[in-house]
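The values are calculated or read from the model by the stated rules, or taken from the named source; none is laboratory data. Note that the structure is predicted; figures quoted are calculated from it, not measured. Note that we place each Cβ from the backbone using ideal geometry, even for glycine, and neighbour counts take in every protein chain shown.
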Amino acid sequence: MTVQHFLTLNDLPATELRDIIRNAIELKRQRSNNSAQQPLTGKVLAMIFEKSSTRTRVSFEAGMAQLGGSALFLSPNDTQLGRGEPIEDSARVISSMVDIVMVRTFAHSKIEAFAANSRVPVINALTDDYHPCQLLADMQTYVEKRGDIAGKTVAWVGDGNNMCHSYINAAAQFDFELRIACPKGFEPDASLSQRHSDRVSITQKPQDAVAGADLVVTDTWASMGQEDEKQQRIEQFKGFQVNHELMSLAAGDALFMHCLPAYRGMEVSSELLEDGAISVVWDEAENRLHAQKALMLHLLQAAS
Ligand code: CP
Ligand code: NVA
């Protein structure tokens, strides 16, 4: 039997992504009324982090514990991964001892190599190219606040980075229009955006992308691994801050999302981030927990 991984949103059919989001909403309800079950008792999640994390680590670790299982935090500093043991060998060994693995790393090819050698499901917890778990939480949040996102318009303002790439995949999987506004030279991967040119457009004018949009999303201008470019990027991204003025061009009931961590006064104004009538970033962060619990249940059910 082939193992079902989750390296990008394209690894599951749209119907299954929708099932996961429905179940995430149900798991959230059960947790709030103390009726949660522990279907993953005895299961172990290995969490490999080669980059920093707050939300991803806490949501996976807490989520697995809440489902009755346990989680192992593995960093390159304390494992042989940091001393050059090939990723393929690490994948064979780790996956022989646990039930599911989560990896946060740099090159996307690294998680692909891990998955190719893993006998258990592998979840992408962020690579330089994609962040699909965040999209599950974002889609859950939109559904909870506004209903189905199909047919809506989403504006991505900022860097054409891993989050932007996952939004491109989401546009196809969840059936919405995506308008991307980024400075010249910071566009998302051209082959990916061209593949979805029926629903994805790119502009250098944030105002054009946001006009009438139902959801406006941004992210840091300097992702993990780009720390050296931070100062230069602040200059290059001038005019790309999402704030109340920009949001005033969006639809009347438009929402603002940001995967966090946010840099107030840079990609988002402090006032907008804290404006609970528009900004749903805290619900979005909490939904990482519920969405990933539903994801792990889905992948482990498929494996059983
Ligand atoms: N949004 C997100 O993935 O946050 P962390 O880097 O804190 O995990
Ligand atoms: N684009 C950001 C997302 C952080 C959750 C990064 O890769 O650092």
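Some observations on this one:
- Residue selected from region 54-92 under the condition away from ligand 2 (no atom under 16 Å from the Cβ) and polar (S, T, N, Q), by the criterion nearest to ALA262 (Cα to Cα): SER75
- Search result, residues across region 268-288 that are within 12 Å of ligand 1 (Cβ to nearest atom) and in contact with a His (Cβ under 6 Å, 6 or more places away or on another chain): VAL281
- Scanning region 10-68 for residues that are touching a Ser or Thr at 6+ places or on another chain (Cβ under 9 Å) and free of Cβ contacts under 8 Å to residues at least 12 places away in the same chain yields a single hit, ARG29.
- Residue match in region 104-120 (condition: within 16 Å of ligand 2 (Cβ to nearest atom), touching a Cys at 6+ places or on another chain (Cβ under 9 Å) and at pLDDT 95 or above): no
- Helices (runs of 4 or more DSSP H) fully within region 124-212 that include at least 3 residues being within 20 Å of CYS259 (Cα to Cα) and not small (Gly, Ala, Ser): 132-146, 162-174.
- Count of region 268-304 residues, restricted to those that are outside any helix (DSSP H, G or I) and without any contact (Cβ under 8 Å) to a residue 40 or more places away in the chain, is 8.
- Summed over region 259-285, the residues that are more than 12 Å from ligand 2 (Cβ to nearest atom) and among the acidic types (Asp, Glu) give a count of 4.
- If the condition is being hydroxyl-bearing (Ser, Thr, Tyr) and either touching a Cys at 6+ places or on another chain (Cβ under 7 Å) or part of a loop (DSSP other than H, G, I, E, B) (or both), then region 1-16 contributes THR2, THR8.
- Search result, residues across region 244-267 that are part of a loop (DSSP other than H, G, I, E, B), farther than 19 Å from MET163 by Cβ and not hydrophobic (A, V, I, L, M, F, W, C): SER248, GLY252, ASP253, GLY265
- Among the candidates SER75, SER70, SER90, SER59, the residue that is under 20 Å from VAL3 (Cα atoms) and of a type in the set (S, T, N, Q) is uniquely SER90.
- Residues in region 214-255 that are within 16 Å of ligand 2 (Cβ to nearest atom), closer than 28 Å to GLY151 by Cα and touching a Ser or Thr at 6+ places or on another chain (Cβ under 9 Å): PHE240, VAL242.
- Tally, over region 125-161, of residues that are acidic (Asp, Glu), over 17 Å from CYS182 (Cα atoms) and either crowded, with 24+ Cβ neighbours inside 10 Å or out of contact with any Gly (no Cβ under 8 Å at 6 or more places or on another chain) (or both): 3
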